[in-house]
Amino acid sequence: MTRVTVNDPVFRSVGYDADDQTMEVTFRDGRVMLYRGVPMAIYNRFMRANQRTDMTMEAYYRTVIDGQFPAREIRPARAAAV
């Protein structure tokens, strides 16, 4: 899986494996989600979302990816320091 660090307030990095269409999303809070069956076109648009003036990565994730593909949490979010 190829991973790319992203400059985004919500996401830390995104990985994608074209052979099995899996996408791994690492959030700034440490949580890691694995999505299956994600077409490369969706991954590419997600990675370019911050370049658009009408869309952010977070908005694209929430409307196109989250809840639309089979997912599982690989790592939970880190507990907040008290």
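No value in this document is a laboratory result; all are computed from the given coordinates. The structure displayed is predicted, hence computed values, not measured ones.
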- request: Using log10 I(q)/I(0) by the Debye sum over Cα atoms at q = 0.20, 0.23 Å⁻¹ as the read-out, say which of (i) -0.88, -1.16; (ii) -0.91, -1.03; (iii) -0.99, -1.26 was calculated from these coordinates.
  value: (i)
message: Tell me the mean residue ellipticity at 222 nm calculated for the chain from its helices only (DSSP H runs of n ≥ 4, each -39500 (n - 2.57), averaged over every residue, nearest 500).
response: -4000 deg cm²/dmol
